[in-house]
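Heads up: the structure comes next, in structure tokens.
Since every read-out is calculated from the coordinates, none of them should be taken as a lab result. Keep in mind that what you see is a predicted model, and the values were worked out from it rather than measured. Glycine also receives a Cβ, built like all others from the backbone with ideal geometry; neighbour counts cover every protein chain displayed.
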DNA sequence: TCGTCCTACTTGTTATAACGTGTTGAGTGC
DNA sequence: GCACTCAACACGTTATAACAAGTAGGACGA
């Protein structure tokens with residue numbers, strides 16, 4: 001391995017392979033040369049080729065599978081969670097189901113719901129006191145049988161307790177907007193705070209993605225005027241999802 | 001090192017340190033025990049402790065500095081890039097400057113602009129042909145002197161060529177919406193496609209973040225009715241930024 | 001006093017070696 | 001023809017060893 005500028009060998013090898021991926025010499029799903037091959041090709045030890053491939057893995061360009069090899073990862077996410085249109089054009093029962101159907105997939109989900117009390121974080125987001133009763137619902141969404149999205153939502157029981165829509169699922173109406181409408185609360189807007197971070201072990205396991213891959217974490221809160229009526233933590237694999245926000249720009253009035 | 005269920009030692013050590021970080025035993029900015037200390041503490045070889053710390057690094061919980069040590073990373077992003085309000089309430093010159101001022105920071109930016117031709121990707125996003133001339137502008141935004149956001153924008157020269165707003169910066173008007181207004185093109189909406197991925201080497205270097213930390217990549221396109229008039233690739237560190245989208249939910253009409 | 005140098009300590013890089021675990025396909029026996 | 005076995009091969013884990021390179025603080029000389 002020629003040593004340019006003292007740059008470590010494993011970075012040079014990573015550069016080399018990366019450029020082959022980016023210029024198309026190595027295509028999506030192609031198998032990289034095995035570690036033994038790379039050792040021979042570049043004349044380095046196994047630890048160097050492992051470091052090189054690890055760099056590409058942490059960049060999300062490559063996935064490794066024990067026993068099979070390392071593969072160029074399909075680059076672009078296949079699914080889109082469209083947000084703007086969902087809310088503004090037809091508030092359907094479930095944003096997830098709507099976006100899944102829009103891309104021709106079969107949506108499924110499972111959920112667990114229970115009464116609990118609000119943590120400080122959740123209380124702050126809902127504008128209530130820590131310890132106030134809330135309805136907590138954990139969802140796990142599947143698209144075409146594959147786990148796709150996790151969501152945990154919280155509603156103040158002060159709003160829904162004793163109404164027909166106390167249960168988020170299984171009642172006569174589903175979906176936050178229609179359910180709240182049914183009890184005379186009209187949702188005016190929704191705020192989504194989006195961050196990116198690495199998948200935590202529980203999330204990686206539940207979403208069936210490799211540990212450490214970047215995920216998108218969304219804090220979504222529905223408001224009726226200035227009053228929060230539901231908040232949720234949503235996690236999607238950024239491998240598989242693009243969040244697409246469509247925002248209106250009103251005409252200027254000057 | 002007790003060996004539970006055959007789970008690899010480095011994962012157990014990572015679990016151990018992770019729980020110390022999450023429960024506050026190790027606080028933000030605290031130095032982890034050195035590799036030599038961890039080797040002695042757990043009775044394992046250096047490669048094991050390095051693997052363990054690498055796991056935490058890839059999860060974004062720890063940063064390493066050669067010669068100094070490994071440190072618990074400050075967790076929560078401090079800055080918010082507010083999106084919905086910017087477009088819907090007052091289309092200001094620069095979304096970046098507006099959001100920076102909103103959080104009490106001093107916005108600065110540098111840019112390079114030049115004529116070029118559209119790649120296939122950009123052409124698709126702008127609804128033009130690959131090879132058509134475009135104006136390309138690369139921005140690097142700073143907040144309080146620290147690099148905060150990268151952006152590369154493309155405008156079809158078919159729209160702006162020969163007009164006073166051909167140059168995105170330095171002309172009589174700045175900002176996409178006002179500039180397009182000035183030549184009679186009224187932007188109706190903007191689409192932001194958000195993905196998360198690991199920082200690429202160039203981005204890590206330019207944003208001064210450790211390699212491999214998750215970043216948010218935004219493809220933003222401005223539309224005048226159905227016609228795209230500008231598109232940009234925006235990269236922000238998810239360490240430092242939350243994207244906050246505020247979306248209206250119209251009243252039901254059924 | 002101040003700057004330089006040196007040393008101790010830290011993580012970074014690389015080599016060699018061995019064994020574990022998961023995958024795959026060829027070969028074998030029924 | 002089919003199922004099972006097994007060997008070859010892939011990556012996963014761990015040990016030992018050595019030197020490189022960056023940092024910080026103390027010793028030392030001007």
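The residue in chain B that lies nearest, by its beta carbon, to the axis linking chain B with chain A is given here with the distance in whole angstrom as B:196, 1.
Classify segment B:119-199 as rounded, prolate or oblate from the Cα gyration tensor: take a ≥ b ≥ c as the square roots of its eigenvalues, call it rounded if a/c is under 1.5, otherwise prolate when a/b beats b/c and oblate if not. Oblate, because a/c is 1.5 or more while a/b does not exceed b/c.
By the gyration tensor of its Cα atoms, with a ≥ b ≥ c the square roots of the eigenvalues, what is the shape of segment B:145-254: rounded for a/c under 1.5, prolate for a/b over b/c, or oblate? Judged from the Cα gyration tensor, segment B:145-254 comes out oblate (a/c at least 1.5, b/c at or above a/b). Fewest-first ordering of B:161, B:108 by other beta carbons within 10 Å of each residue's beta carbon gives B:161, B:108.
For peptide A:230-242, the mean count of partner chain Cβ atoms within 10 Å of a residue's Cβ comes to 2.
Per residue of peptide A:196-205, the mean number of Cβ atoms on other chains within 10 Å of the residue Cβ is 6. Averaged over the residues of A:159-168, the number of partner chain Cβ atoms lying within 10 Å of the residue Cβ comes to 0. Sorting B:217-229, B:18-30, B:115-127 by average packing, meaning the other beta carbons within 10 Å per residue, from highest down gives B:217-229, B:115-127, B:18-30.
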